[in-house]
1. For segment 27-45, how many residues are in contact with a strand residue (DSSP E or B) (Cβ under 6 Å, 6 or more places away or on another chain) and without any contact (Cβ under 8 Å) to a residue 12 or more places away in the chain?
2. When the residues of segment 1-20 are filtered to those that are in a helix (DSSP H, G or I) and free of Cβ contacts under 8 Å to residues at least 40 places away in the same chain, which remaining residue is nearest to Glu86 (Cα to Cα)?
3. What residue, among those in segment 51-77 that are more than 19 Å from Cys19 (Cα to Cα) and part of a loop (DSSP other than H, G, I, E, B), is least open to solvent (accessible area, probe 1.4 Å)?
4. Quick check on Phe32: is it surrounded by 17 or more Cβ atoms within 10 Å (Cβ to Cβ), more than 23 Å from Arg99 (Cβ to Cβ), aromatic (Phe, Trp, Tyr) and at pLDDT 95 or above?
5. If you check every pair at least six apart or on different chains, which have Cβ atoms under 6 Å apart with a residue in segment 82-99 that is in contact (Cβ under 8 Å) with a residue 24 or more places away in the chain and within 15 Å of Pro39 (Cα to Cα) first and a residue that is of a type in the set (Ser, Thr, Tyr) and open to solvent by less than 40 Å² (accessible area, probe 1.4 Å) second?
6. Within the set of pairs 6+ apart or on separate chains, which have a first residue in segment 46-59 that is within 18 Å of Glu9 (Cα to Cα), a second that is surrounded by 10 or more Cβ atoms within 10 Å (Cβ to Cβ) and of a type in the set (S, T, N, Q), and C-beta atoms under 8 Å apart?
7. Among the numbered criteria (1) open to solvent by 90 Å² or more (accessible area, probe 1.4 Å); (2) part of a helix (DSSP H, G or I), which one does Thr43 miss?
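The values are calculated or read from the model by the stated rules, or taken from the named source; none is laboratory data. Everything numeric here is computed off the predicted structure, so don't read it as measured data. Note that each Cβ is placed from the backbone with ideal geometry, even for glycine, and that neighbours are counted across all protein chains shown. With ligands, DNA and RNA removed, areas are computed over all heavy atoms of the protein, side chains included. Shrake-Rupley method; radii C 1.70, N 1.55, O 1.52, S 1.80 Å.
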Amino acid sequence: MAVQYVIHECPQEVIRGFCEVAARAVRPGGCFFVVDNNPKSKTIQGLPPAIALLMKSTEPWSDEFYAFDLEAAMRAAGFDEVVKVETDHRHCTVMGIKR
């Protein structure tokens with residue numbers, strides 16, 4: 001199961017819900033992938049203030065997203081192994097494996 005470029009548009013409770021539903025839907029041995037902005041990206045962290053403000057004005061849940069611990073939420077939902085990799089200079093993929 002995969003969610004791509006969606007969760008940065010959502011409040012934390014909805015992101016947590018995605019993880020919980022995925023954990024119920026994914027069979028043992030299956031995976032849940034989330035591809036989205038990388039809160040730890042040097043590119044995103046280094047945006048000029050005007051650009052950061054412009055982005056924030058169109059992304060109402062960005063503060064919640066950047067403060068959210070997706071890996072912890074996936075573990076809490078029931079994924080046994082959670083791995084995060086940088087996809088490119090602004091994005092990451094977080095994969096949860098259910099055993």
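1. 0
2. Residues of segment 1-20 in a helix (DSSP H, G or I): 7-9, 12-20.
Retained after the next criterion (residues that are free of Cβ contacts under 8 Å to residues at least 40 places away in the same chain): 13-14, 17-18.
On the way: Glu13: 24, Val14: 23, Gly17: 24, Phe18: 21 Å.
My answer is Phe18.
3. That would be Glu59.
4. Considered against the rule, which asks whether it is surrounded by 17 or more Cβ atoms within 10 Å (Cβ to Cβ), more than 23 Å from Arg99 (Cβ to Cβ), aromatic (Phe, Trp, Tyr) and at pLDDT 95 or above, Phe32 comes out as no.
5. Thr87/Thr93; Arg90/Ser41
6. Going by the 8 Å Cβ cut-off, the qualifying pairs are Met55/Ser62; Lys56/Ser62.
7. (1)
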